[in-house]
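The next block holds one structure in the form of structure tokens; read it before the comments.
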Amino acid sequence: MSSFYVILVLSHVITIHQKTGRFIILDSLKGFYRYAFNWEFMKRIYSEDVKLLEDGEQCRVAGWLQEVRNLGGIAFLKVRDRTGVFQVVLVKKEIGESFDDLVNIPRESVIDIEGRKQETDQTDMGFEILPSSVSVSGYAEKPLPLGVVDKVDADMDTRFDNRFMDLRKKEKLLIFQVRSLLLDGVRDFFRKEGFIEVNTPKVVAAGAEGGATLFKVDYYGKKAYLAQSPQLFKQMLMGAGLERIYEIAPAYRAEDFDTVRHTSEFISLDFEMSYIDSSNDVMNMTAYLVEHSMRYVMEEGERFLEALGVEVVPPEHPVRKIPHSQCIEILEDMGKTWEDEKSVDTQGEKMLGRYVKENYDSDFFFITEFPTHLKKNTFYAMRKDYDPSLTTYFDLEYKGQELVSGGQREHRYDVLLAQMKELDLDPNDFESYLRTFRYGMPPHGGIGLGLERFIQQLLDLDNIRETILFPRDTSRLEP
RNA sequence: GCCCUGGUAGUGUAGUGGCCCAUCAUGCGGCCCUGUCGAGGCCGCGACUCGGGUUCAAAUCCCGGCCGGGGCGCCA
């Protein structure tokens, strides 16, 4: 009954076309294709795969009617699916009165075409479809809220109000194809390094760093919050003996910031590892994670990066580590001045990014040994033995923007308790967390990485919202 | 939260006191065209964010509301 059978051979997929008994070797599973199983109920194929058919062969394709070029006696329908834009040819004297109906289908309607492949060098795809039937599965209203292929761009607000339409643009789709691959790369790395993927609660009783940045929720009448970080749970899992874990999950920040690199809901990529000797172990793991996932995207997503016109340059090892105090000196040498306290602020980050790029030809560097008073809310940060005014905490900077924050955690119960008391935190509020530290806690550390920032910097996007399907910020709650 | 900045047809814009019953592009509608691919040609449609104020006169100036964009603090 089915028109396709599928056999897996190595990483390639071979389909046998039953009508012809011919083998079609699909390029790979890199991105577009999904033929790992034989879905006999899915007869429609991607336009990219029509290329693999013989000249004159019947096929069924479908997509969005991008535009109609009506020349009078002949018309061309440009139809877009996820893999490309193909052309359907309508000859008036051959199809008669339905010609007028077909050329008047509104743009962006979904149409389903059965027809014959005809090879030609007059289209980008190298073929066109001579239809035997065309049906409209979903009519599009007129006018469109924004044009998918119009020569004018829409404002961000218009675009995000009509995100479904915005995402029909090829270059928007590409971002999410890269994002998907980057996550594959991340998971590939962690799997190979023996990390366990976990999920921790997102509805919590208390945050990691006080209550100021938390969204309140009503939890069966009790006061609760959306988690702004999995921090405390990750540490508890170190106490539970999981040793190496990672989590890819949303984090919520009710900060009232409105910038191109902040959103209220983002995907936090966290890992935590036990039995480290120092924060250097964490930094090195971080650098290899970033490198591996970038290389993965470069290999698997070459066509996407090419289409986006982006060159990806992963970090080389070792990634330079610059203590915070030295960062200040460098910035002073570069002529930076401060009104208040000397620290690496947004301007400083950008300057240091340029400095490292010019002097060491790298997009990456760590800022290490963050002063304790700059991490004042981070009660769980381990401080340097020789100088408690410094922490073991670091940031990883990518193209002049903070990408990662992490360090070695304080695993000694009495020290942790003392650091909490410095901040006037009530240990009773953290009892379920603190308890973990009283029954054998190994030395450990970890990081949090902003996934969207990673993609933003990777693809040189102006605004972090471009990396999120439906972004949440201080004013946007829908769609 | 602070600072800067904007809101004109479906979309993107021009217009900074009278020359504006508002420019251009795109879109949409109609007509012509059998190889278009930024299709082309001709004709048409469609807008000043809301409320107050100043003025003989407001898209334009002032105040407020609503909704954006950018920067900073902060952060992933």
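The values are calculated or read from the model by the stated rules, or taken from the named source; none is laboratory data. For clarity, every value in this text was computed on a predicted model and none was experimentally measured. We place every Cβ from the backbone using ideal geometry, glycine too, and count neighbours over all the protein chains shown.
Does any residue in the range A:243-259 that is in the same structural domain as A:Arg409 (by TED's automatic domain parsing) and within 12 Å of RNA strand B (Cβ to nearest atom) come within less than 7 Å, Cβ to Cβ, of a residue that is aliphatic (A, V, I, L, M) and assigned to a strand (DSSP E or B) six or more places away or on a different chain, and which pairs are these?
A:Pro250/A:Ile267; A:Tyr252/A:Leu226
What's the number of the condition A:Glu40 fails, among (1) modelled with pLDDT of 90 or more; (2) acidic (Asp, Glu); (3) over 31 Å from the mean Cα position of the chain (by Cα)?
Among (1) modelled with pLDDT of 90 or more; (2) acidic (Asp, Glu); (3) over 31 Å from the mean Cα position of the chain (by Cα), the lone unmet condition for A:Glu40 is (1).
Restricting to the range A:76-95, name every residue that is in a strand (DSSP E or B) and within 8 Å of RNA strand B (Cβ to nearest atom). Outline the logic, then answer.
The first filter runs over the range A:76-95 and keeps only residues in a strand (DSSP E or B), leaving A:76-81, A:84-91.
Within the range A:76-95, A:Phe76, A:Lys78, A:Gln87, A:Val89, A:Val91 meet the criteria.
Return the residue satisfying two criteria in turn: it lies in the range A:160-180 and is closer than 21 Å to A:Leu477 by Cα and of a type in the set (Asp, Glu), and of such residues it is farthest from the chain's Cα centre (by Cα).
Here is the first cut: in the range A:160-180, the residues closer than 21 Å to A:Leu477 by Cα are A:160-167, A:172, A:176.
With of a type in the set (Asp, Glu) added as a condition, the list becomes A:161, A:166.
Numbers: A:Asp161: 21, A:Asp166: 17 Å.
Step by step, filter the range A:160-180, then rank; the result is A:Asp161.
Of everything in the range A:351-405, what is basic (Lys, Arg), in a loop (DSSP other than H, G, I, E, B) and away from RNA strand B (no atom under 11 Å from the Cβ)? Give them in sequence order.
Selection gives A:Lys384, A:Lys399.
Residue-by-condition table, conditions (1) more than 16 Å from A:Val404 (Cα to Cα); (2) in a loop (DSSP other than H, G, I, E, B):
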residue: A:Asp277; (1), (2): yes, yes
residue: A:Leu289; (1), (2): no, no
residue: A:Met294; (1), (2): no, no
residue: A:Val297; (1), (2): yes, no
residue: A:Leu305; (1), (2): yes, no
residue: A:Ile330; (1), (2): yes, no
residue: A:Trp338; (1), (2): yes, yes
residue: A:Lys342; (1), (2): yes, yes
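If you scan the range A:96-107, which residues turn out to be more than 10 Å from RNA strand B (Cβ to nearest atom) and either buried (at least 17 other Cβ atoms within 10 Å of the Cβ) or outside any helix (DSSP H, G or I) (or both)?
Hits for the range A:96-107 are A:Gly96, A:Glu97, A:Phe99, A:Leu102.
Please work out which residue is farthest from RNA strand B (Cβ to nearest atom), limiting yourself to the range A:55-70 and to residues that are aliphatic (A, V, I, L, M) and farther than 10 Å from A:Ile129 by Cα.
It comes out as A:Ala62.
Which condition number in (1) buried (at least 18 other Cβ atoms within 10 Å of the Cβ); (2) within 12 Å of RNA strand B (Cβ to nearest atom) is the one that A:Gly73 fails?
All conditions are met except number (1).
For A:Gly348, indicate whether it is out of contact with any Ser or Thr (no Cβ under 6 Å at 6 or more places or on another chain), outside any loop (DSSP other than H, G, I, E, B) and not aromatic (Phe, Trp, Tyr).
So A:Gly348 passes the test.
Being among the polar types (S, T, N, Q) and touching a strand residue (DSSP E or B) at 6+ places or on another chain (Cβ under 8 Å) is the filter here; which residues of the range A:387-411 pass it?
Residues satisfying the conditions are A:Ser389, A:Thr391, A:Thr392, A:Ser405, A:Gln408.
As an exercise: evaluate A:Val198 against (1) in the same structural domain as A:Leu102 (by TED's automatic domain parsing); (2) in contact with a helix residue (DSSP H, G or I) (Cβ under 7 Å, 6 or more places away or on another chain); (3) more than 15 Å from RNA strand B (Cβ to nearest atom) and give the number of the one condition it does not meet.
For A:Val198, the exception is condition (1).
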